[in-house]
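The values are calculated or read from the model by the stated rules, or taken from the named source; none is laboratory data. Just so it is clear, the model here is predicted, and its values are computed rather than measured. Every residue, glycine as well, gets a Cβ built from its backbone with ideal geometry; the counts of neighbours run over all protein chains shown.
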Amino acid sequence: MDINQYMGMFLEESREHLQNLNNCVLDLENAPDNLSVLGEIFRSAHTIKGMSATMGFTTIAELTHEMENILDMLRKSQLQANPDIINTIFKCVDTLEQLVESVSTNNEKSIDCKPLIAKLKALAKGEIVTAPVLETKIEKEMVECSSVEFSDAEKSVIHKAQGQGMQAYELNIFLREGCLLKSARSYMVMNALDEIGDVIKTIPVVEELEKEKFDLCFQAILVTGSDIEKIQQTVLSISEIDKVDIVPCRMTDATSQQETKQVMSTAKPTVMKPASSAAPASAPVAMTADKKNKGGQSVRVDIDKLDALLNLVGELVINKTRLEQIGITHRLTDLVETIEQMDRVTTDLQSVVMKVRMVPVGQVFNRFPRMVRDLSHGLNKEINLIIQGEETELDRTVIDEIGDPLVHLLRNSIDHGIEKPDEREAKGKNPIGEIRLIARHEGNNVIIMVEDDGKGINPEIIKRIAVDKGLITQAEADKMEANEAVKLVFLPGFSTAEVVTDVSGRGVGMDAVKNKIESLGGMVDVETKINEGSKFKIRLPLTLAIIQALLVKVSEEIYAVPLGSIDSTINIKSSDIKTVQNKEVFLSRGQIIPIVRLAHVLNIPEVEKTEQDEQDDLFVVIVHIGELRAGIIVDNLIGQQEIVIKSLGKLLAGIKVIAGATILGNGQVALILDIASLIQ
Amino acid sequence: MSEQKYSNSEVQLVIFKLGREEYGVSILQVQEIKRISDITRVPHTPDYIKGVINLRGSVLPVIDLKKRLNLAQQEVTEDTRIIIVKVEELSIGMVVDAVSEVMTINQENIDSPEVVAGSISANYLSGVGKLENRLLILLNLEEIVGMGQDGNEM
């Protein structure tokens, strides 16, 4: 079978399920009794197992299989979730992540998960001191009756057999790696087992064994009078059998199950971990998660295809405009009416295509709870991460880029922001720190905030470090306001951590964050109060591909000015322009604003001199970059429009004052002004 | 250069006119030929860059070939076309006075450019094709597009 064509799908789906696993195990940690969460985890693990077995990734399948055993026992309350189990499951998820990534680079075998599998098996057998189930031998055996589920008929067979002094065993038979005729081997095993007893059940079922629909391992339930050693000999006498695990199998009927449950619920308080302090809140969370996961069906589409679609829609609009003109020139009322209809459809089409590219920011956010958990555990801090507005949508291109800066900010908050529990208590704060990750719309922007209630940033310390590192002079530091000083953290080579830790503080953090966000056309700001916390506010454009712009006309040429950098547009008289040191300026609301004459800067050929002379009223677009302002004189304002940014290509790259190009409704290309270079 | 790369002895050329001279480029480099449309001037570019056009949703630069080759300018006519060529993965439009035909020419009939290096810098030529009584000037597009040397032309 050519599996390569399914590879992409496998990778994507596995990643999705692993993400889901991560989230659910986090929920489970907070609410160990939540059966719906357990079910969710089980389903995800099962899907991964199925997919990887089909694709022939045995290591993944084997690991998930063992994981499933544990999960199933948890689900059936044969085992109680405790920190050890949760951590092992987390480790499994991590290892699976590594395995899936290694699959994409074609070296599945390089990761050794034997110790983990051994650990899982040990857990399944209840070989941990904390597990309350091991009180008596009978209960222990009950636990061993691992994941195999029996129908009533099978149960009665086992009961009967037990009555006749026979025993039911669960056999885990492992074929040697590279075994070619797996179905033949399994058939031989079955035959051999039939000689010493009755095989009442196999997993997978016999038909699937015959079709080789299993990995290197399959299970069989054998009812026999022989002992374990004999079974082992029989099975291992067949060649290409790697090993066989034999576990005595005992029925867990309803009554005994309930008993165990009771044992466990009384024992529970002793095994609970402090980390589960958020437990009361977690149940409703899990429920909303359920709702969301079920909502909506989706189709995976390559982003390139969407781009192509967007271009085609653009073409359609342009051709429609041409038809419109034909209709008008030839006075064809019928045509004009039809085109009006078409106009509505194309407008809708355009907006739908734009919307299709939007992705909820939750796709980035959902990996953070796990990260926060691991980091806070590592630092012995207790942190509650609150995520709001994960449904806020951003363009795909922005989503792909925003992850890293957010990781930086969160790590900073966890490491430098939130204090250790005892320190917090001493300050009279809740020992559990709180980090809020909030996304929301604000006009044409999306705001993402990382807020913590930690110790805040002390401007005096920031100043001192900046001076020490030679980033600013002492004189500058003395003059600096507190809120300005805090912004020094964004300077390259600045790190406030006294100790460089694993988590953050390598001195590359904040300036990298700032650069990245600015390259996305966004801004980052920080507000902080000592001992109350700090708030990092990221402002991002909805999309990189589409912006709102003001179209202006200069002589015969049309240019687009990004709306984000426009303050206002005003009319002035030519006489309002004054000259200061040979530079043209004018006064607006008491501010002196330098004039930029586009016609001059862009070397626009003047069409009619007389028109310019007559023009006494001048249109001025006041733009700003940071604190810098300038008034751009244009001949006419055409209007505000959503434009799709296109690059000018390699040949014309690097032209100052031009940021790119866009295609107007009539098919004409208009250039987008680069305000920053225009002002300077 | 590019024409000589092909080992088979025949090359197919798109023939076009600049003024009264006939020029050719390998058909393999030509993407399409389109009527002249609105060209948006781009400031701060060399004068032979005529501007940019919209080709089905992407923005392409357009070169005024006659200016690039220092030939006399001529008004835009009904015959004026833009030939879209692909040079080093880059699509570029070239304004020409007319596109006449596609023809096959034998490699043997192509002389080295030194023979006729007159008004046009020899760098821009890859050869001269002889066909009965016609002379075809074959262009070296890589050099004409002049990747990375635009600065010298300012």
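Annotations
- Residue selection: A:E527 satisfies the criterion of being in the same structural domain as A:L394 (by TED's automatic domain parsing), in contact with a helix residue (DSSP H, G or I) (Cβ under 8 Å, 6 or more places away or on another chain) and over 30 Å from A:V644 (Cα atoms).
- Residues in the range A:633-680 that are without any contact (Cβ under 8 Å) to a residue 24 or more places away in the chain and not in a strand (DSSP E or B): A:S647, A:L648, A:G649, A:K650, A:L651, A:L652, A:A653, A:G654, A:I655, A:K656, A:D674, A:S677.
- Of the helices (runs of 4 or more DSSP H) that lie entirely inside the range A:167-254, those containing 1 or more residues that are buried (at least 18 other Cβ atoms within 10 Å of the Cβ) and modelled with pLDDT under 75 span A:182-196, A:206-210.
- Of everything listed in (1) more than 27 Å from A:A599 (Cα to Cα); (2) at the interface with another protein chain (Cβ under 9 Å from one of its Cβ atoms), the single unmet condition for B:Q12 is (2).
- Criterion: within 13 Å of chain A (Cβ to nearest Cβ), surrounded by 15 or more Cβ atoms within 10 Å (Cβ to Cβ), within 26 Å of A:G665 (Cα to Cα) and within 17 Å of the chain's Cα centre (by Cα) - qualifying residue of B:I82, B:I39, B:I92: B:I92
- Any hit, the range A:431-449, residues being more than 16 Å from the chain's Cα centre (by Cα), among the charged types (D, E, K, R) and buried (at least 20 other Cβ atoms within 10 Å of the Cβ): no
- Annotation note: Cβ proximity below 9 Å between a residue of the range A:545-572 that is in contact (Cβ under 8 Å) with a residue 24 or more places away in the chain and a residue that is of a type in the set (D, E) and assigned to a strand (DSSP E or B) (sequence gap 6+ or interchain) occurs for A:A545/A:D395; A:I546/A:D395; A:I546/A:E642; A:I547/A:E642; A:Q548/A:E642; A:A549/A:E642; A:N571/A:D617; A:I572/A:D617.
- Residues in the range A:293-343 that are of a type in the set (V, I, T) and away from chain B (no Cβ under 14 Å): A:V299, A:V301, A:I303, A:I326, A:I328, A:T329, A:T333, A:V336, A:T338, A:I339.
- Lone qualifier among A:Q591, A:Q680, A:Q668 - being modelled with pLDDT under 80 and within 46 Å of the chain's Cα centre (by Cα): A:Q680
Rundown of residues vs (1) buried (at least 20 other Cβ atoms within 10 Å of the Cβ); (2) more than 9 Å from chain A (Cβ to nearest Cβ); (3) part of a loop (DSSP other than H, G, I, E, B), yes/no style:
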position: B:Y23; (1), (2), (3): yes, yes, no
position: B:Q31; (1), (2), (3): no, yes, no
position: B:T45; (1), (2), (3): yes, no, yes
position: B:N54; (1), (2), (3): yes, no, no
position: B:Q74; (1), (2), (3): no, yes, yes
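- Yes/no for A:H17 being at pLDDT 80 or above and farther than 25 Å from A:Q363 by Cα: no
- Of the residues in the range A:437-459, at least one is assigned to a strand (DSSP E or B), among the charged types (D, E, K, R) and at pLDDT below 85.
- Residue, nearest to A:L618 (Cα to Cα), within the range A:634-680, restricted to residues that are out of contact with any strand residue (DSSP E or B) (no Cβ under 7 Å at 6 or more places or on another chain) and at the interface with chain B (Cβ under 8 Å from one of its Cβ atoms): A:K656
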